[in-house]
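Input: a single structure, listed below in structure tokens.
The values are calculated or read from the model by the stated rules, or taken from the named source; none is laboratory data. What you see is a predicted model, and the numbers here were worked out from it, not measured in a lab. Cβ coordinates were reconstructed from backbone atoms using ideal geometry, including for glycine residues, and neighbour counts include every protein chain displayed. Surface areas here come from the heavy atoms of the whole protein model, side chains and all, with no ligands, DNA or RNA. Shrake-Rupley method; radii C 1.70, N 1.55, O 1.52, S 1.80 Å.
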Amino acid sequence: LIVALWPIIHGLVVESSLLSRSSGSSLSVMSRRSRGKGNASLDSNWEHFVGCPKQPASRDRTWLRLVVANNHGSTALESVLMSSPKLATLCSAEVWQCEGRKLLERTFQKNPDLVPMDQVLETFSETWDLNRSVFLDKQTQSFPQLEGEDDVVRNTLPRRMKAHGIEKLRPAYIIMYKPLCLWTLSHLVTKEVFKDPRAVAKFELKRLQQQVQVYEKFASQGRAPLVLNYAHLIWHPDFAKQRLERYLPCLGSLDMDFVPEEVPGTGMKITMGTQSYGNTFEPVSCCGWEAARLDQGFAGKCMRSTQKGTNYSSQALVNGVNVSASLKIPLIDLLDEAEQESLEAAYRILDHLSMV
């Protein structure tokens with residue numbers, strides 16, 4: 001499979017110094033040669049990149065990991081996935097936002113990144129409903145924790161899973177990124193922007209680079225993650241639904257406006273579905289976002305010229321932040337030239353992948 005799919009992956013990514021200039025690591029970016037050629041070959045082979053089959057074997061399960069930065073829409077994505085009765089979550093453990101990291105912190109009383117992967121799965125298996133097809137693990141803090149899972153999944157399944165008759169655990173990944181100009185949609189990010197907007201911009205750059213790394217690592221192994229754009233999730237729900245269901249056919253039909261029941265101890269009190277939430281905002285006026293034109297292969301983008309004349313303080317006040325000044329400059333302009341190039345290179349990759 002890897003040999004068969006490698007020409008597709010290799011045609012999408014090539015070595016470049018743009019991203020590594022800021023991250024200090026060797027990253028790849030989308031080949032300029034692949035732009036303008038369309039996605040026909042990638043689309044025709046995309047059925048190989050699925051997180052779970054439509055009808056998984058009775059002894060097989062999928063470990064679904066969300067690679068989403070904190071305050072970047074992970075709960076909205078999680079609520080959509082929770083509309084499937086075939087999804088198991090960690091919510092019954094009553095940890096913040098049903099996050100695995102919080103469960104590990106409580107269980108081991110130390111940095112979750114230091115917990116061996118076999119103990120991670122052992123702990124999660126005590127909470128997941130093992131009768132369900134897909135086990136959800138929301139990662140919002142430490143993307144490097146994705147390392148070291150292969151040997152455990154292949155050779156050392158948790159005792160509880162083995163006792164339940166599970167023989168195979170298949171890892172799958174959803175990477176979701178949030179365009180920089182959508183910061184006004186987050187209460188916490190809005191407060192951080194008015195404290196130190198450049199720090200927020202640099203954080204976004206770092207997270208995007210990490211997400212590109214995660215994609216590149218797993219794609220090169222023949223198990224490419226699904227890449228979602230948060231703007232598509234809230235403003236183009238039908239498109240996001242199609243891509244989610246294509247990647248995770250075992251979950252069946254997903255409800256893009258699902259509101260999960262409140263679980264005590266999790267802090268998840270969702271009063272509005274993801275689709276309804278998107279309908280409460282107009283993309284340009286709220287965020288300076290030029291909406292996607294999906295039929296033309298355009299993923300959407302932050303409108304830098306519009307942002308420069310936009311007063312965001314009113315939106316910040318709507319989010320409950322009492323600020324006396326407004327921010328009229330797009331965050332990307334607070335980065336130096338090399339950082340801007342790196343950010344735009346990362347967006348080119350992720351935007352492309354969010355459309356296939």
Notebook entry, point to check: Going through the stretch 210-221 one residue at a time, which ones are among the small types (G, A, S) and either open to solvent by less than 10 Å² (accessible area, probe 1.4 Å) or at pLDDT 90 or above (or both)?
Noted result: A219
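Just to check your reading of the model, which residue among S44, S79, S92 is at pLDDT below 90, among the small types (G, A, S) and outside any loop (DSSP other than H, G, I, E, B)? Walk me through it before giving the result.
Values: S79 fails: at pLDDT below 90; S92 fails: at pLDDT below 90.
So the residue among S44, S79, S92 that is at pLDDT below 90, among the small types (G, A, S) and outside any loop (DSSP other than H, G, I, E, B) is S44.
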Margin query: Filter the stretch 229-256 down to the residues that are charged (D, E, K, R) and assigned to a loop (DSSP other than H, G, I, E, B) and list them by number.
Written below: D255
Margin query: Any residue at all in the stretch 126-133 that's over 20 Å from L248 (Cβ atoms), modelled with pLDDT of 90 or more and not charged (D, E, K, R)?
Written below: yes
Notebook entry, point to check: Do we have any residue at all in the stretch 157-170 that's crowded, with 17+ Cβ neighbours inside 10 Å, touching a Lys or Arg at 6+ places or on another chain (Cβ under 8 Å) and closer than 27 Å to A240 by Cβ?
Noted result: yes
Check: Which of the residues spanning the stretch 78-124 are surrounded by fewer than 21 Cβ atoms within 10 Å (Cβ to Cβ), of a type in the set (D, E, K, R) and in contact (Cβ under 8 Å) with a residue 40 or more places away in the chain?
Finding: K86, E94, D118
Next item on the list: Could you please find all residues in the stretch 187-206 being in contact with a helix residue (DSSP H, G or I) (Cβ under 8 Å, 6 or more places away or on another chain) and among the charged types (D, E, K, R)?
Entry: E192, R198, K202, E204, K206
Item checked: In the stretch 61-120, the residues that are touching a helix residue (DSSP H, G or I) at 6+ places or on another chain (Cβ under 7 Å), hydroxyl-bearing (S, T, Y) and over 22 Å from P249 (Cβ atoms) -> T75, T107
Note to self: For the stretch 187-209, which positions are among the polar types (S, T, N, Q) and either at pLDDT 90 or above or open to solvent by 10 Å² or more (accessible area, probe 1.4 Å) (or both)?
What the structure shows: Q209
Note to self: I'd like to verify a number: residues in the stretch 282-303 that are open to solvent by 40 Å² or more (accessible area, probe 1.4 Å), in a loop (DSSP other than H, G, I, E, B) and among the hydrophobic types (A, V, I, L, M, F, W, C), how many?
What the structure shows: 2
Next item on the list: All but one of (1) among the hydrophobic types (A, V, I, L, M, F, W, C); (2) at pLDDT below 90; (3) open to solvent by 40 Å² or more (accessible area, probe 1.4 Å) hold for A57, so report the exception by its number.
Entry: (2)
